[in-house]
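The values are calculated or read from the model by the stated rules, or taken from the named source; none is laboratory data. From a predicted model like this one, the values you see are computed outputs, not experimental measurements. Reconstructed Cβ throughout: ideal geometry from the backbone, glycine too, with neighbour counts over all protein chains shown. With ligands, DNA and RNA removed, areas are computed over all heavy atoms of the protein, side chains included. Shrake-Rupley method; radii C 1.70, N 1.55, O 1.52, S 1.80 Å.
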Amino acid sequence: MEVSFHREIEALKLGQGDVFHGEGILAVTKGLLQSGVTYVGGYQGSPISHLLDVMVQARPYLDELGVHVEACTNESSAAAMLAASIMYPARGAVTWKSVVGTNVASDALSNLASPGVLGGALIVVGEDYGEGASVIQERTHAFALKSALWLMDPRPNLPTIVRMVEHAFELSEASNTPVMMELRIRTCHVKGSFVASDNRVPAISGRRLQQQPPAFSYERLAHPPSTFRHEKLKYESRMPAARRYILQAGLNELLPGEHHELGLVVQGGLYNSLMRALQELGLADDSGHSRIPLLVLNVVYPLVPEQLEAFCRDKKAVLVVEEGQPEFIEQEIATHLRRAGIDTALHGKDLLPMGGEYNVEVLLRGLRPFLERHAPALGTQQLPQYLQSLADVRAQAAAVLQAPVPARPPNFCTGCPERPVFAALKLVQQDIGKLHISADIGCHSFATFEPFSFGHSILGYGMSLASSAAVKNFSAQRPIAIMGDGGFWHNGLLSGVSSALLNQGDGVLVIMKNGYTSATGTQETVSTPSSESKRVAEGSSATGTEMTIESTLRGMGVQWLKTVHNYKVAEVRDTLREAVTSPFRGLKVVVAEGECQLERQRRLRPIRAERLRQGLRTVRTRYGVDEDTCTGDHSCIRLSGCPTLTVKDATDPLKTAPVAHVTNGCVGCGLCGEVADAAVLCPSFHKIDIVAHPGFWERLSHRFNQWAIQLLQGHR
Ligand code: SF4
Ligand code: SF4
């Protein structure tokens, strides 16, 4: 990874009384160190990637504290790390993107939750839900319920987030139960400040070694008959202990308001949006005072029955503001109130949508009928100005945009090495017909959009080969599974490759070997080339000389294995066609090699800038289109999709169609030239080397060329 977190690492070193400024997710990182954490692990993914990225780069400082950091190969291995807290009084934290990461980790989580923990264990999950999410829309809450793990959902402000991180370890130790903390996208990226404390040196660490392992205890193993006792412990001992701690430490917040006949129970993470909605209704002021009492649940599981009952008992009506489906919190509150014989009217999903993000507009639309029904005197019947202004903007937009606006889906970066592979695959399909394509998680999933539209399924990270296992048996042509190197190491090696070998599967696997787990922020994998090999590879687009994926596949017994250079489109096309049509029975793997362009540019740009600063000869390559030759049929665009290959009006008045045009953003990856050659397109592309600080002979030859061109043009 070429991104530097130097500033963030300095913020981690702040001590007692210093003021920390930054994002919510970095506040969590600081909170972990202030809590005396012994070890941290995880698997990256939005919106929690920064937690792990910063920790990994901060290793030298963490070594001083004796804190161990591990960039795990998947969420399952991260969850398994927490086993260190089962028998040792060592605090540990792991992180990943949820709900997908929690799915992967759930086996280890179940086996962790059963025996419980001695040292505090915290699982920080990025709740990737709602607008801006990139995964299936499900709730982590379900995992907390099924395994009896406690779930925090802190109010999105930095002091509360840090306070909850510190309490999470206390809660975990008080109830011998791992604690999950769900951080929504908005919570991770909320900016603010808090007064820091000193980082705590952990009691057990790499600097304070344990001389003996703990005494053997079968009761601490998730094995029968211990598991039967564990189940009783969860509900008879651990949950009551957790509820006591939640009450005593005041983790949930009771915020009074003068309309005490009403009440709002809100997940902590939704507090900011709810306050904004109340403000629009004239029911909250700028300092955060609500005129309706609030129960803010910074811990959404377990709920504390006596707290809920006390809040609801004398109220006419309560609205539960709970995002996502199903309505776990609302159902539990209804059960507690019914059992306690409290007949307060309870609303939630009857007034608010069952699914989707609860933004301010959605909350306003839910609050209005609640208030109209139970407090008409508050005069909120009129359309608040906020909703009116949204409606006005939409009406204006609709008037301006008479015709539908074309969608602007996400796309590969300019010069991405994965684009040429899909261009080649398009050419293969032109030759041999349509193929079933199992897509996967990663940058290559951008090929599901135009101009490629490839992919018949996406079943999870590293699951493409496994998801083509049945399809290949009833398809006349072999299906192709696409996987990134991130997905390969995350899951694909075992779920896909070993299963295909065991079953003598006859599929085709294409592995995009770009050198990083690019889609999650270009983190390194075990096959990321070392800096040394990157230097060897300098000047080419190859990722270097390390061949770990290939050697792993050979070691596993893959017999049909070919590595291609992505930008050689004709070679990639021929290899893919061969893989699909070869008489060889068994798994065929094509390793498509080309370094992630984003990371490559991050690496090369500073080098280039330094050379320019020193006045050294520096070459930048880009491509161009000869407008006179371009026929305007745009076949090149349909085979590429590069954002810098676009169209412009022809300057020739006889050409009515716009011509292809390469903007200055071109990084000179070479795809344009290759695809024009492989697909036998028009010869309008040309390569341009832009030379800064040219040498004497180059300047001389340039002058001569200029002179010759002028002469010939004058002659013409
Ligand atoms: S991050 Fe890298 S692999 Fe992903 S689209 Fe950009 S260049 Fe391609
Ligand atoms: S050569 Fe073509 S595909 Fe590559 S960056 Fe330039 S315009 Fe994009």
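Taking the stated definitions as given, is residue 649 within 16 Å of ligand 2 (Cβ to nearest atom) and more than 31 Å from the chain's Cα centre (by Cα)? If you could, list the steps in order and put the result at the bottom.
Details: within 16 Å of ligand 2 (Cβ to nearest atom): no; more than 31 Å from the chain's Cα centre (by Cα): yes.
No; evaluated as a whole, the condition is false for this residue.
Test residue 103 against the criterion of being open to solvent by 30 Å² or more (accessible area, probe 1.4 Å), under 19 Å from the mean Cα position of the chain (by Cα) and in contact (Cβ under 8 Å) with a residue 40 or more places away in the chain, and give yes or no. It would help to see each step written out before you state the result.
Details: open to solvent by 30 Å² or more (accessible area, probe 1.4 Å): yes; under 19 Å from the mean Cα position of the chain (by Cα): yes; in contact (Cβ under 8 Å) with a residue 40 or more places away in the chain: yes.
In short, yes.
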key: Residue list for segment 167-184, filter: surrounded by 23 or more Cβ atoms within 10 Å (Cβ to Cβ) and of a type in the set (A, V, I, L, M, F, W, C)   = 168, 169, 171, 179, 180, 181, 183
query = Taking interchain pairs and intrachain pairs at least six residues apart, which have beta carbon atoms under 8 angstrom, with the first residue in segment 603-626 and within 16 Å of ligand 2 (Cβ to nearest atom) and the second part of a helix (DSSP H, G or I) and charged (D, E, K, R)?
reply = 620/608
query = Could you say whether any residue in segment 568-581 is away from ligand 1 (no atom under 16 Å from the Cβ) and assigned to a loop (DSSP other than H, G, I, E, B)?
reply = yes
ask   = Using beta carbons and a limit of 7 Å, which pairs, at least six apart or on different chains, have the first residue in segment 402-421 and within 13 Å of residue 452 (Cβ to Cβ) and of a type outside the set (Gly, Ala, Ser) and the second one open to solvent by 60 Å² or more (accessible area, probe 1.4 Å) and within 9 Å of ligand 2 (Cβ to nearest atom)?
value = 411/643; 420/674
task = Taking residue 584 as meeting all but one of (1) open to solvent by 10 Å² or more (accessible area, probe 1.4 Å); (2) assigned to a helix (DSSP H, G or I); (3) away from ligand 1 (no atom under 16 Å from the Cβ), write down the number of the exception.
result = (2)
inquiry  = Pairs please, first residue from segment 373-390 and within 25 Å of residue 317 (Cα to Cα), second anywhere and open to solvent by 70 Å² or more (accessible area, probe 1.4 Å) and assigned to a helix (DSSP H, G or I), Cβ atoms under 6 Å, 6+ apart in sequence or on different chains.
reply    = 381/372
task = Tell me which residues, restricted to segment 658-696, are near ligand 2 (Cβ under 10 Å from one of its atoms), of a type in the set (D, E, K, R) and within 27 Å of residue 615 (Cβ to Cβ).
result = 687
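Of all strands (runs of 3 or more DSSP E) completely enclosed by segment 135-238, which ones contain at least 1 residues that are at pLDDT 95 or above and among the acidic types (Asp, Glu)?
Numbers: elements: 150-152, 179-184, 191-195.
Because the criterion is at least 1 residues that are at pLDDT 95 or above and among the acidic types (Asp, Glu), the strands (runs of 3 or more DSSP E) in segment 135-238 that meet it are 179-184.
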query = Of the residues 104, 56, 100, 69, which single one is touching a His at 6+ places or on another chain (Cβ under 9 Å), closer than 17 Å to residue 523 by Cβ and of a type outside the set (S, T, N, Q)?
reply = 104
ask   = If you check residue 269 against the conditions, is it more than 28 Å from the chain's Cα centre (by Cα), within 30 Å of residue 234 (Cβ to Cβ) and of a type in the set (Gly, Ala, Ser)?
value = no
task = Answer yes if at least one residue in segment 48-71 is over 25 Å from residue 196 (Cβ atoms) and crowded, with 24+ Cβ neighbours inside 10 Å, and no otherwise.
result = no
task = Collect the residues in segment 296-354 that are within 29 Å of residue 171 (Cα to Cα) and small (Gly, Ala, Ser), keeping them in residue-number order.
result = 310, 324, 334, 340, 348
